[in-house]
Structures are given as structure tokens and as C-alpha cells.
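Trainee: Take a look at the following structure, please.
Taken together, the values in this text are just the output of simple stated rules run on the coordinates, not laboratory data. Note that this is a predicted model, so its numbers are computed, not measured. Positions of Cβ are backbone-derived with ideal geometry, glycine not excepted, and every protein chain shown enters the neighbour counts.
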Amino acid sequence: MQVRTCYVYGADGGRVKKIEGLTDTSECANLQGAGNVTVYFGGVEIRDFGEGNSETILLYPQGNVRQVYTYDSVTGTVVEEVAYLNSDQLNSVRTVTSSTGGLGKRSTYRPFGEIDDWNVNPAVAVETKGFIPLSGF
């Protein structure tokens, strides 16, 4: 079985939705498809959109700062994680560090944008911005 990812772009050319894990591309028309849905509202990214407390909200208030908000079902509170995205001369994210400076993830890029990731700290949220982002963060 083939699994697909569908991307939807707005009139300005910016990505507004990504649906992963599709078996049928016609599911792209639904805001909440059968796969994992991520929506983008400017500098806000919502992963697992429409899943209630399972949603992860990422904010990019400045070029290299990322704030991640998740719901902790044990304590019933929202947890904030601040991280810094460290880029190379092409603006490709190479490392993600915590607010205390600890290394969370390191990335290297091979030809055609293929990526090798080393997650040093599994508690750090996955970073999907990477190889030469055209619109910045």
C-alpha cells in the first residue's frame, strides 16, 4: 500500500495544510483528513489539528525562536518549551537547542535535501523546518 502526503497552499504561495499518511489523494479536500493533519496560520503551526488535547501548537515569534505548547494529561496543564533554531549560511536548520543551551537535535543535509537527524534529547519536539525554507520561519 502506498502512503501519500498532501500539501495545500494559499493564494500567497504559503503552505496552509499538510496531511500525512493518506492512502487516497482525494482526502486532501477535507480540512481534517484521514491522516495526521498540520495547519499553518502565519507564524503558528498546529500539529495533529482537530485532535483536541493531542494538538501541539508551535509558534515562531522571531526567526530563530520556537515556542511549543503541549497538553500534559497528568497535571492537566499546558506545558511550554522554548528552543532556538540554529541555521547555516543557507538558512537550513542545523541544530535545535533548548532555552538553557542544551543540544536537542542536530541535522545534516545530503544532496537533493535528504536529511540525517540525530535527536540528542527525545523530549524536544520534532522540527519540520529544515532545508532552505523560502518564506523563513
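Trainee: Roughly how many nanometres apart are two label points built 7 Å out from the Cα toward the Cβ at Glu51 and Phe112?
Mentor: It is 3.0 nm.
Trainee: Shape call for the stretch 43-111 from the C-alpha gyration tensor, a ≥ b ≥ c root eigenvalues: rounded (a/c under 1.5), prolate (a/b greater than b/c) or oblate?
Mentor: prolate
Trainee: Give me the extension gain from Ser99 to Tyr9: residue separation times 0.36 nm, minus the current Cα-Cα distance, reported in nm with one decimal.
Mentor: Extra length from Ser99 to Tyr9 when fully extended: 29.2 nm.
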